[in-house]
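Comments concern the structure below.
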Amino acid sequence: MFIMKVNSVFSKPQRIHPLFYIRIVLLLLTGILLLSCSASENSKSPALSKKPIQAETDVFAMDTFITLKAYGPDADTLLESAKDRIAALEKLLSVTDSDSDIWKLNHANGQSTTVGEDTAAIIRGAIEISTLTDGALDISVYPLVSAWGFTTGSYQIPTEDTIQSLLPYVNYKKIVLDALCVTLPYGMQIDLGAAAKGYTGDVIAALLREGGISSAMLNLGGNVHTIGTKQDGSPWKIAIANPFTPQTNLLTLDITNEVVITSGNYERYFTDENGKRYCHIIDSKTGYPADHGIVSMTIVGDNGLTCDALSTALYVMGAEKAIEVWQETGGFEMIFVTEDKTIYLTEGLSDRYTNISNLPLIILS
Ligand code: AMP
Ligand code: MG
């Protein structure tokens, strides 16, 4: 049957439809086009054929909204790795997760505990800033943070007895850190909330830089890490919130390759029946929310862990002592706002800020 059919095709002269010729010409043209495209792709080096792309991702972790924006080849896969790293750090540092390093430390009853490198690095960095600021930053203030309800959101004013009974357990000098081995005295508990986001930003920025990213902005709940400049070569414009109306901005800063971290009384707080505000930053000497005249403290520098720890510590210390630390230590710039509605800004930022509020601004030198 089959042979018969073939024979019949070849045996009879066929009339060829004009459309047949048009199809052949089109097929030939398409073939030539494809060949020339693949030839020009092959002539490029593999690195050049990877077009720089913009990638952006959001994640809710560490009790905050995180937005990561990066430009460069592989930006999208690098941001996925960054998200995994953030999730792993959150698991390690959580005070409520019973698998975390912090939980193990807080339930060790005076025994030594081996922690991960990240946990040890944050504890080490925090202790350095505690020493520099005479204990204004103290990660062992956690039982008081908890007593005020800031860990759960069930806010309350603890009794004076409760505060006095917890204060003896607050003393960073009693934390023993030997490489990865940490020992807390019986009854002491810690929380790395004052420095963890800054450290996380450092880790993510390093991951992106190692992956070849030369332009990125990482916003961890208002704490900003930048890599390089914007794509057009101009500095990143980083806005600082107005602590009196946090939905509006106070000023903007021109930032390249730096970290901008703020601690403010508007971030987490509750008010009593008289309208008095109690904020989440605790004065480790009194056990009460810090109340030394500052409502927002921003640190600009090149290390997230240090800037984060400093923003909390200098907020607690108040204007005069914060200025002393800045003058004696150096290596960072700061902007703070006082409760009498004045902005203070250190001279290293004087040629790269725009005050968009109607608050007066004083430059510190
Ligand atoms: P930050 O927002 O970086 O200023 O960190 C504030 C968080 O750090 C709080 O939510 C507490 O968990 C914790 N904290 C509060 N006061 C202190 C303090 N004096 N020293 C260390 N950690 C603190
Ligand atoms: Mg901080």
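The values are calculated or read from the model by the stated rules, or taken from the named source; none is laboratory data. In this text, all values refer to a predicted model and were calculated from it rather than measured experimentally. Keep in mind that these areas ignore ligands, DNA and RNA; they rest on the heavy atoms of the full protein, side chains included. Shrake-Rupley method; radii C 1.70, N 1.55, O 1.52, S 1.80 Å.
Return one whole number: the accessible area per residue of the range 146-213 in Å², for a 1.4 Å probe.
On the way: 3230 Å² over 68 residues.
Accessible surface, normalised per residue, equals 47 Å².
Under a straight-distance cross-link criterion of Cα-Cα below 17 Å, which aspartates and glutamates are reachable from residue 104, leaving out those fewer than 8 residues away in the same chain?
90, 117, 118, 178, 191
Considering the alpha-carbon set of the range 210-365 alone, what are its Rg and its Dmax in angstrom?
When restricted to the Cα atoms of the range 210-365, Rg and Dmax are 15.7, 54 Å.
Average the reciprocal distances over every distinct pair of alpha-carbons in the range 94-192, invert the result, and give the Kirkwood radius in Å.
13.9 Å
Pairs 197/237; 91/230; 69/197; 321/341: which exceed 24 Å Cα-Cα?
91/230
Helix 117-132: angle to the longest alpha-carbon principal axis of the chain, degrees 0 to 90, nearest 10?
The two axes meet at around 40 degrees.
As a check on your grasp of the helix formula, calculate [θ] at 222 nm for the chain: sum -39500 (n - 2.57) over DSSP H runs of n ≥ 4, divide by the residue count, round to the nearest 500.
Taking each H run of at least 4 residues, the total per residue is -11500 deg cm²/dmol.
Under 1.5 on a/c is rounded, so check that first for the range 104-263, then, if it is not, pick prolate when a/b is larger than b/c and oblate when it is not; a ≥ b ≥ c are the square roots of the alpha carbon gyration tensor eigenvalues.
It is oblate, given that a/c is not under 1.5 and a/b is not larger than b/c.
Where both partners of a DSSP beta bridge lie in the range 235-365, what percent of those bridges are antiparallel, to the nearest 5?
Of those bridges, close to 90 percent are antiparallel.
Dimensions of the range 312-365 along principal axes (Cα, Å, largest first)?
29, 25, 17
In Å, what is the Rg of the alpha-carbon atoms in the chain, and how long is Dmax?
Taking only Cα atoms of the chain, I get Rg and Dmax of 29.5, 111 Å.
With contacts defined as alpha carbon pairs under 8 Å and 6 or more residues apart, what's the relative contact order of the chain in percent?
RCO, the chain: 14 percent.
Between helix 196-210 and the chain, what is the angle of the helix's C-alpha long axis to the longest principal axis, kept within 0 to 90° and rounded to the nearest 10?
Approximately 30 degrees, to the nearest 10.
Quick one: Karplus J couplings for the range 177-188, per residue in order, coefficients 6.51, -1.76, 1.60, θ = phi - 60°, nearest Hz, x for Gly and Pro?
10, 10, 6, 9, 9, 10, 10, 10, x, 3, x, 7
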